[in-house]
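The values are calculated or read from the model by the stated rules, or taken from the named source; none is laboratory data. Model, not experiment: these values are computed from the prediction. Don't worry about glycine lacking a Cβ; one is built from the backbone with ideal geometry, like all the others, and counts go over all protein chains shown. Accessible surface areas use protein heavy atoms only, side chains included; no ligands, DNA or RNA. Shrake-Rupley method; radii C 1.70, N 1.55, O 1.52, S 1.80 Å.
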Amino acid sequence: MKAVVQRVKHASVTVDGQLESEIGHGLLVLLGIGTEDGTADIEWLAGKIANLRIFNDENQVMNRSLLDTGGNALIVSQFTLMASTKKGNRPSYIHAAKPDAAIPIYNEFIREFDRLTGKNTQTGIFGADMKIDLCNDGPVTIVIDTKCRS
């Protein structure tokens, strides 16, 4: 799994001109699911993101997590994060999980994130053409790959 984690002032998802979900201060997580991802990836990544200390403390040092701040999260599936650009100029998505495998993993990731945070995570619509609106706070953007844990 790969995630792009952005600290945001606000973020929202619109599909076909309709607002689907939105959050205030918190995290926007773009989530890519690969063909070899499973339960261990879900648990590790959800825990890493929930506990990632990228919010400022009283001394303006990034020392607080989403759990510490009580912020919200918006998690959006994005298969293009799994793109391979090694050959040519057209990205290959051969490493991206197909929807029949990716949707259960995506849903389980959200359940695990909800369990860790004690909140109902906001989401996009899997496979939809989504418009994401956000105000990146900082900007703070972190890329995490479950295959690069060490």
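Before moving on, here are some points about what is shown:
- Under a Gaussian network description of the chain, with springs only between Cα atoms under 10 Å, the residue in V76, V140, V29 that fluctuates furthest is V140.
- Taking only Cα atoms of the chain, radius of gyration then Dmax in Å: 15.1, 48
- Segment 1-75: C-alpha pair distances exceeding 22 Å, %: 31
- Solvent exposure of the chain, expressed per residue, is 56 Å² of accessible area, with all protein chains present and a 1.4 angstrom probe.
- Of Q18, Q122, Q60, the residue with the greatest mean-square motion in the GNM of the chain, using alpha carbon springs below 10 Å, is Q60.
- Among the trypsin sites (Lys or Arg not before Pro) within segment 19-114, those in coil by DSSP and having at most 10 neighbouring Cβ atoms inside 10 Å are K86, K87.
- Rounded accessible area of H95 (nearest 10 Å², 1.4 Å probe): 100
- Near I75, the amide H atoms lying under 5 Å from its own belong to V29, Q122, T123, G124; only residues 5 or more places off or on other chains count, and H is placed 1.01 Å from N.
- Residue of D114, D37, D100 that the Gaussian network model of the chain assigns the largest fluctuation, springs spanning Cα pairs under 10 Å: D100
- Per-residue HN-Hα couplings for segment 113-125 [Karplus 6.51, -1.76, 1.60; θ = phi - 60°; Hz; x = Gly/Pro]: 5, 4, 4, 5, 8, x, 10, 8, 5, 7, 9, x, 10
- In segment 58-107, chymotrypsin sites (Phe, Trp or Tyr not before Pro) in a DSSP loop with at most 16 other beta-carbon atoms within 10 Å: Y93
- Fraction of accessible area attributable to carbon and sulfur, segment 1-53 (%, probe 1.4 Å): 41
- Segment 56-150: GluC sites (Glu not before Pro) in DSSP coil with no more than 14 other Cβ atoms inside 10 Å: E58
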